[in-house]
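Okay, structure first, notes after.
Derivation of every value follows stated rules applied to the coordinates shown; laboratory data play no part. Quick caveat: nothing in here was measured; it's all calculated off a predicted structure. With ideal geometry, Cβ positions are generated from the backbone for all residues, glycine too; neighbour counts draw on all protein chains shown.
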Amino acid sequence: MGYHLTILRTLKDRQLDITLSEARSAADNTSNWQYDKDDECFTFTCPQGMISLFLDEGELWMQDFHGEAWQLEPMLALAKSLNARVRGDELETYETIDKTYFHPDDTLLRKEALIAGKEIAEKSLRESKRIRNFIVGFFIILGIIAFIIGKQFEQ
């Protein structure tokens, strides 16, 4: 599974949905973007490859972003024509391929993500401790059994 990018529009912590008609109009006015009616997606084709964007819940999204300019630059152009922005999986907003920032409208999402991350880390730590304790206990029991068997052979 690749890195995920989203084109979205927000205002004061609220998402403003991008409609299909808006996206189609923006694609028509932005170089090399086309709407594929069969696959219900927007495509951008260039010599380096092809990008597909899908409209879902008011956002345009793509998977398999590999950090390459040829993928990001057309998305930034499309986002600009939609008065929107490009956001990555880690809630960073892209200005360019090398320049990102955390948008103020994502502050609450970032806090929620940090809390969820801490909960996952704590759960993982508890599971690791359980596994470690099981392994240590197993070898202690194995040692006791070996000791008892050794005593039996001494007699």
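Under the definition of Cα pairs under 8 Å and six or more residues apart, what whole-number percent is the relative contact order of the range 3-102? Rounded, it is 33 percent for the range 3-102.
Applying the criteria of a DSSP loop state and at most 11 other Cβ atoms within 10 Å to the GluC sites (Glu not before Pro) of the range 8-57 yields 40, 57. For Rg/Rh (Cα atoms, Kirkwood Rh), pick the label among [x] 1.36; [y] 0.92; [z] 1.12 that corresponds to the value derived from the coordinates. Of the listed options [x] 1.36; [y] 0.92; [z] 1.12, [x] comes from this structure. Helix content alone sets the calculated 222 nm mean residue ellipticity of the chain: runs of n ≥ 4 DSSP H residues at -39500 (n - 2.57) each, divided across all residues, give -16000 deg cm²/dmol. Histogrammed with a bin width of 10 Å, the alpha carbon distances of the range 1-54 distribute as 20, 49, 27, 4 percent, first bin at zero.
Specify the angular offset, from 0 to 90 degrees and rounded to the nearest 10, of the alpha carbon long axis of helix 107-154 from the longest principal axis of the alpha carbons in the chain. For 107-154 against the chain, the angle is about 20 degrees. Applying a DSSP loop filter and a limit of 11 other Cβ atoms within 10 Å to the trypsin sites (Lys or Arg not before Pro) in the range 66-107 leaves 99.
Could you order the peptides 107-114, 24-31 from most to least packed, using the average number of other C-beta atoms within 10 Å per residue?
Descending packing order for the listed peptides: 24-31, 107-114.
Within straight-line reach of residue 118, meaning a Cα separation under 22 Å, sit the following lysines at least 8 residues removed in sequence or on another chain: 129.
Between amide H atoms placed 1.01 Å from N, distances below 5 Å from residue 3 occur with 64, 65, all of them 5 or more places distant or on a separate chain.
By the beta-carbon count within 10 Å of each Cβ, the least crowded to most crowded order of 103, 66, fewest first, is 66, 103. Grouping the Cα pair distances of the range 12-99 into 5 Å bins from zero gives a pair-distance distribution of 3, 13, 27, 28, 19, 8, 2, 0 percent in increasing distance order.
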